[in-house]
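Enquirer: I have a structure I would like to understand better, so I am pasting it below and will then ask my questions one at a time.
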Amino acid sequence: MKFEEYMKEAERPFTGWDFSFITETGRMQSGLLSWSYGSMAHAIISDSASMLDMGTGGGEFLAKLQPFPASVTATEGYEPNVSIAKSKLESLGVTVVPIDNDAELPFPDGTFDLILNQHESFDPEEVSRILKEGGLFLTQQVGGLDCLGINEALGEKPNEEYLQWNLSNAVYGLKEAGFDVLFAKEEYPPQRFYDIGALIYYLKAIPWQVPDFIPDLFKERLLAIHNDMAEKGFFEVKQHRFVVKAEK
């Protein structure tokens, strides 16, 4: 495809939290981590009676973690995703709750014995409040250094708000909130884009990477990346991921 055709294709809408348009076709690929958040979650769900999934997106990932415990709730703060999540999850017995703020969750103290959180912000004190004594909190986070090579290539400064978000600071906050950290690890796997359309699609889906990203405003730099891809075969950046399993 020509560059202009990729620009046109990237107008395709993004819904829920589903990157299969570019991942299942191999147009974007990520390096492997030494842990599996999904396997870790699956292993502890069976021991739970009441579970919360924070920031469920469109419910695509949570739906794959069945069988569920007796009580399952999911929160979602992005309004367009709420109806998608309800459509996906409510028939499976999951209660989907819209929220405005992860630091003020609409649940009584000690509601859940397991809280899952994949790539969603969280407040350690609030997680502790709604978690039962002896309950588990499992989270995989996107660190503040994630994919900064994209910002560099586009000539855009990284979002200063996230730069200090890393394993050390997350563990510190959880310990301050009274958690015992059972497992913690941080890694920087590669992420490759094999055509410029995949990169544009990705950036439109995650507006915090390059705030107010509009492809036409970055056309010259996107063309330079496109030309580099034609020569090298891909555009590679470093991801930033960390995982924490903690007990109250």
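Enquirer: Return yes when PHE21 is under 28 Å from PHE234 (Cα atoms), touching a strand residue (DSSP E or B) at 6+ places or on another chain (Cβ under 9 Å) and outside any loop (DSSP other than H, G, I, E, B) and no when it is not.
Expert: no
Enquirer: Being open to solvent by 50 Å² or more (accessible area, probe 1.4 Å), outside any strand (DSSP E or B) and touching a strand residue (DSSP E or B) at 6+ places or on another chain (Cβ under 6 Å) is the filter here, so list the residues in the stretch 175-212 that pass it.
Expert: Matches in the stretch 175-212: TYR188 only.
Enquirer: Looking at the stretch 111-131 only, could you name the residues that are in contact with a helix residue (DSSP H, G or I) (Cβ under 7 Å, 6 or more places away or on another chain) and either part of a loop (DSSP other than H, G, I, E, B) or hydroxyl-bearing (Ser, Thr, Tyr) (or both)?
Expert: THR111
Enquirer: Give me a count of the residues in the stretch 31-51 that are open to solvent by 60 Å² or more (accessible area, probe 1.4 Å), modelled with pLDDT of 95 or more and either of a type in the set (S, T, N, Q) or touching a strand residue (DSSP E or B) at 6+ places or on another chain (Cβ under 6 Å) (or both).
Expert: Matching residues across the stretch 31-51 total 2.
Enquirer: May I ask you to list the residues in the stretch 55-77 that are surrounded by 15 or more Cβ atoms within 10 Å (Cβ to Cβ), in a loop (DSSP other than H, G, I, E, B) and either without any contact (Cβ under 8 Å) to a residue 24 or more places away in the chain or of a type outside the set (S, T, N, Q) (or both)?
Expert: Selection gives GLY55, GLY57, GLY58, GLY59, LEU65, PHE68, PRO69, GLY77.
Enquirer: Go through (1) touching an Asp or Glu at 6+ places or on another chain (Cβ under 6 Å); (2) open to solvent by 50 Å² or more (accessible area, probe 1.4 Å) one by one and return the number of the condition GLU125 breaks.
Expert: So GLU125 meets the others, but not (1).
Enquirer: Next question, about the same structure. Those residues that are without any contact (Cβ under 8 Å) to a residue 40 or more places away in the chain, closer than 30 Å to GLU247 by Cβ and either of a type in the set (S, T, N, Q) or assigned to a helix (DSSP H, G or I) (or both), I need them from the stretch 133-174; list them, please.
Expert: Across the stretch 133-174, the qualifying residues are GLN164, SER168, ASN169, TYR172.
Enquirer: Taking the stated definitions as given, is LYS185 of a type in the set (D, E, K, R), over 27 Å from GLU4 (Cα atoms) and under 19 Å from the mean Cα position of the chain (by Cα)?
Expert: Yes.
Enquirer: So, one more: Filter the stretch 24-46 down to residues that are within 30 Å of ALA246 (Cβ to Cβ), outside any helix (DSSP H, G or I) and either in contact (Cβ under 8 Å) with a residue 40 or more places away in the chain or touching a Gly at 6+ places or on another chain (Cβ under 7 Å) (or both), then give me how many there are.
Expert: So the answer is 6.
Enquirer: Looking at the stretch 146-155 only, could you name the residues that are open to solvent by 40 Å² or more (accessible area, probe 1.4 Å) and either under 19 Å from the mean Cα position of the chain (by Cα) or modelled with pLDDT under 95 (or both)?
Expert: Matches in the stretch 146-155: LEU148 only.
Enquirer: Of the residues ILE99, ILE84, ILE130, which single one is in contact with a Pro (Cβ under 9 Å, 6 or more places away or on another chain), open to solvent by 10 Å² or more (accessible area, probe 1.4 Å) and of a type outside the set (Phe, Trp, Tyr)?
Expert: Of ILE99, ILE84, ILE130, the one residue that is in contact with a Pro (Cβ under 9 Å, 6 or more places away or on another chain), open to solvent by 10 Å² or more (accessible area, probe 1.4 Å) and of a type outside the set (Phe, Trp, Tyr) is ILE99.
Enquirer: A further question follows. Scan the stretch 213-239 for residues that are farther than 13 Å from LEU154 by Cα and either open to solvent by less than 30 Å² (accessible area, probe 1.4 Å) or assigned to a loop (DSSP other than H, G, I, E, B) (or both) and jot them down.
Expert: Listed by number, the residues that qualify are MET229, GLY233, PHE234, GLN239.
The values are calculated or read from the model by the stated rules, or taken from the named source; none is laboratory data. Computed from a predicted structure; not experimentally measured. Cβ sites come from the backbone with ideal geometry, for glycine too, and all protein chains shown count toward neighbours. These area figures cover heavy atoms from the full protein model, side chains too; ligands, DNA and RNA do not enter into them. Shrake-Rupley method; radii C 1.70, N 1.55, O 1.52, S 1.80 Å.
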